[in-house]
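The values are calculated or read from the model by the stated rules, or taken from the named source; none is laboratory data. Since we're looking at a predicted model, the values are computed, not measured. Don't worry about glycine lacking a Cβ; one is built from the backbone with ideal geometry, like all the others, and counts go over all protein chains shown. Side chains are part of the model used for accessible areas, which takes the heavy atoms of the whole protein and leaves out ligands, DNA and RNA. Shrake-Rupley method; radii C 1.70, N 1.55, O 1.52, S 1.80 Å.
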Amino acid sequence: MDTMKNKVGVRTIIDSQREAALHTTSITILTGSILNLVGLVGYPDFHISNIVFICITLLTSVLTRLKVLKPIAACNFVLFLASSDVLGEMMFIAFKGLTDSAFQILCECIVFTSIICMAAFAYLRMLVNLSLAAWTITYAICCYITHNCLLLNTGGLIMVIYIFVMYLSIKMHHTVRKIIAKNTELQNDENELLDFFKMDKKQLLSYIRLAQDRNLSEEETQNLLSSLNVESSVTISQNVAYMMRQQEIEYSKMKERMPELTPSELEIARLILQEKKQTEIVKLTGKHKGNITVQRSTIRKTLNLPKDESLYEGLKNRMTN
């Protein structure tokens, strides 16, 4: 349950960014549409489409506020709507054949840049990729229709900027996934620790802080542990004793099955059988990564394990056969 809450907490932060992107884009769309309707920007040809955009944007915002629409769906929809509108205006300007069409198309590209940046901010990688593909096609058509040198010369620079935005979007997406995975792993470790001590988080942290603040010695720490309630104290003692007995039994069994290994190699083998990663083994043993690598190779060579078989599987088979 705690793990689920933690996942929800991380995703809530992402949803908050998406809601911020949604609100910012919605306000921009509403402002631009209203300015077009009063005749300050754009063309009268877009009056009907802008009225439709205003209605759709307001409806989407209301549904998101009422939690009928999820932030990711609403954000995807509104940003897709905004990018489609900009690309449509670029095509319209190109076919209109005005003297300043190149300048107006470049202005639309600036607006489009802000839209894909907003999509990247909202972790909408797929929308960024699709929008940039659509822009490339639209811009190429505009260049073909207008035959304008300014558009042709500027297109490469704009493309470089958009590729950079795409790269940032991909990196942000991967970073968020790593954060969620790491956060889940830490939460699982925390739950195991709390379950082991049979204590809640606040109680355990209070004892840890007390021990740190007072810089307690080993004897003083024992006295502190003795101040725990009887149930927790007994549980800790029983769990520690049980864990030590299990390790002794496991070590004795491994020594019996693999007598050719040294005590140090047996310890590494025990951790490998527990499916610990190399980084975890380094932390648990306090040895250097290179030392662990050498010992893994030595274990494989000493036990004559096939090279095409994973060390874990080889040790597992040795223990079960």
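Among the residues of segment 10-23, the ones that are modelled with pLDDT of 85 or more and farther than 17 Å from residue 73 by Cβ come to 0 in all.
Could you please find all residues in segment 51-87 being over 24 Å from residue 123 (Cα atoms) and either under 30 Å from the mean Cα position of the chain (by Cα) or touching a residue at least 24 places away in the same chain (Cβ under 8 Å) (or both)?
54
Taking residue 28, is it touching a residue at least 24 places away in the same chain (Cβ under 8 Å), out of contact with any Ser or Thr (no Cβ under 7 Å at 6 or more places or on another chain), surrounded by 18 or more Cβ atoms within 10 Å (Cβ to Cβ) and on the phi < 0 side of the Ramachandran plot?
no
Restricting attention to segment 279-297, the residues that are polar (S, T, N, Q), open to solvent by 50 Å² or more (accessible area, probe 1.4 Å) and touching a Ser or Thr at 6+ places or on another chain (Cβ under 9 Å) total 1. The set of residues in segment 134-152 being closer than 17 Å to residue 108 by Cβ and open to solvent by 50 Å² or more (accessible area, probe 1.4 Å) consists of 136, 137, 140, 141, 144, 145, 150, 152. If we keep just the residues of segment 109-143 that are of a type in the set (Val, Ile, Thr) and in contact (Cβ under 8 Å) with a residue 12 or more places away in the chain, which is farthest from residue 164 (Cα to Cα)? Looking at residues that are of a type in the set (Val, Ile, Thr) and in contact (Cβ under 8 Å) with a residue 12 or more places away in the chain, I get 141.
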